[in-house]
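A.B. asks: Below is the structure I would like to discuss, written out as C-alpha cells.
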Amino acid sequence: MVGGFGGYSGIAMWPSNAGNQFALSGSYIPGTLEQARQLGLQLLQAVTPLSTQAVAAGIQNLTGRAARAVVTNFFITSVSQSTSSASLDSGIIRLDNAPDPAQSTETHYLYNLNENLIMYSAASTTPDIIAPDSICYYSESTVRGFSNASDDLAQYFDATTGRSTGNQVSVIAVQTAPQLYNTPGVVASFAALLRNIGYAGGMPPG
C-alpha cells in the first residue's frame, strides 16, 4: 500500500505458493493491464455511448476470449453487503428488468466476496455465470464499468430509499484465460470460495 495525493493506492496479486502447489508457475497472463487501459480509452473516447454488445465485442477483440452480455439494461433493486473480520465484503445484488421489483418479469442474483463469484436467474436451475469466468458490470446510463464498492453502487441503487436510482445496468461474462482454467489450484480456490457462500454445484468446463 502506498499513501499519497490525499489517498491510498494498492495492488493485489493472486498467490502462487506451496499452498496451491505453485499453481501459476510458468502460466502468468501477459498484457492484461494494457488490455484494461485500451478498454478504458474506448469507453472514454467513444463519440456516442457504447452499447453493452459493443463493449462485450471490444473486450473479446482486446483479450481474444469470449465475452457476452448476459443481462442488458436491468436495474439494481436490492443490495445486501457485509464485511467480515478478514475485511472481505460479501454481498448479494439483485437485478430486475424493471426499476420496481413488483413489476419485474425477470430477476437475477449476483453473489460476491469482494469480486463477483456467481450470478443466477430465478428461472434457471444452472448459474448464468460462475467464477473463474469474469462477471463484469457495465452501464449504458453512465457509460462506465463499475465495481461492488459502495460509492460505485450508489449511482445505481439508493441505499437510503432501498430503490433503484433508474440508471440501467448490464452484466457481461468474460471467459477466463486458459492458464486459469487449466490450473487445478486456481479452480479449486474459486470452488472453495463458492462453497463458503453455499454453492455446491459443478465448476465451469475449461
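The values are calculated or read from the model by the stated rules, or taken from the named source; none is laboratory data. Note that this is a predicted model, so its numbers are computed, not measured. Using ideal geometry, Cβ is built from the backbone for each residue, glycine included, and neighbour counts are taken over all protein chains shown. Just so you know, the surface numbers come from the protein's heavy atoms only, side chains and all, with ligands and any DNA or RNA stripped out. Shrake-Rupley method; radii C 1.70, N 1.55, O 1.52, S 1.80 Å.
A.B. asks: Using only the alpha carbons of the range 101-186, determine the length spanned along each of the three principal axes and report them from longest to shortest in whole angstroms.
C.D. replies: Sorted from largest, the Cα extents of the range 101-186 read 44, 29, 22 Å.
A.B. asks: With an 8 Å Cα cut-off and a minimum separation of 6 or more residues, compute the relative contact order for the chain in percent.
C.D. replies: Relative contact order, the chain: 21 percent.
A.B. asks: Short version: what are the Cα gyration tensor semi-axes of the range 148-206, square root of 5 times each eigenvalue, largest first, in whole Å?
C.D. replies: Working from the Cα gyration tensor, I get semi-axes of 32, 15, 10 Å.
A.B. asks: For the range 92-206, with only Lys/Arg (+1) and Asp/Glu (-1) charged at the beta-carbon, what is the dipole magnitude about the Cα centre, in debye rounded to 20?
C.D. replies: 260 debye
A.B. asks: Can you grab the distance from the C-alpha centre of the range 176-190 to the C-alpha centre of the range 36-57, Å, no decimals?
C.D. replies: One Cα centre to the other: 28 Å.
A.B. asks: Oh, and also: So if I place +1 on the C-beta of Lys and Arg and -1 on the C-beta of Asp and Glu, and nothing else carries charge, what would the dipole magnitude of the range 20-159 be about its Cα centre? I want it in debye, nearest 20.
C.D. replies: Its charge dipole is roughly 380 debye.
A.B. asks: Going toward the positive end of the dipole of the range 106-196, with +1 on Lys and Arg Cβ and -1 on Asp and Glu Cβ, which of GLY166, ASN114, SER141 do you reach last?
C.D. replies: ASN114
A.B. asks: Still on this structure, please answer the following. Can you give me the angle between helix 32-45 and the longest principal axis of the chain, using Cα atoms only, in degrees from 0 to 90, rounded to the nearest 10?
C.D. replies: Around 20 degrees separate the two axes.
A.B. asks: For MET13, MET119, give me the order by solvent-accessible area with a 1.4 Å probe, most accessible first, ignoring ligands, DNA and RNA.
C.D. replies: MET13, MET119
A.B. asks: Moving to a separate point now. Which value in Å is the Kirkwood Rh of the chain over different Cα pairs?
C.D. replies: Result for the chain, one decimal place: 18.3 Å.
A.B. asks: To continue, here is another question. How large, in percent, is the carbon and sulfur part of the accessible surface of the range 50-206 at a probe radius of 1.4 Å?
C.D. replies: Summing carbon and sulfur atoms, their accessible area is 48 percent of the total for the range 50-206.
A.B. asks: Give the calculated FRET efficiency between ASN182 and ALA18 to the nearest 0.05, with a Förster radius of 22 Å applied to their Cβ-Cβ distance.
C.D. replies: My answer for the efficiency is 0.65.
A.B. asks: While we're here: Once the dipole of the range 61-124 is set up with Lys and Arg at +1 and Asp and Glu at -1 on Cβ about the Cα centre, which of LEU62, SER124, PHE75 lies farthest towards its positive end?
C.D. replies: Working it through, the farthest residue towards the positive pole turns out to be LEU62.
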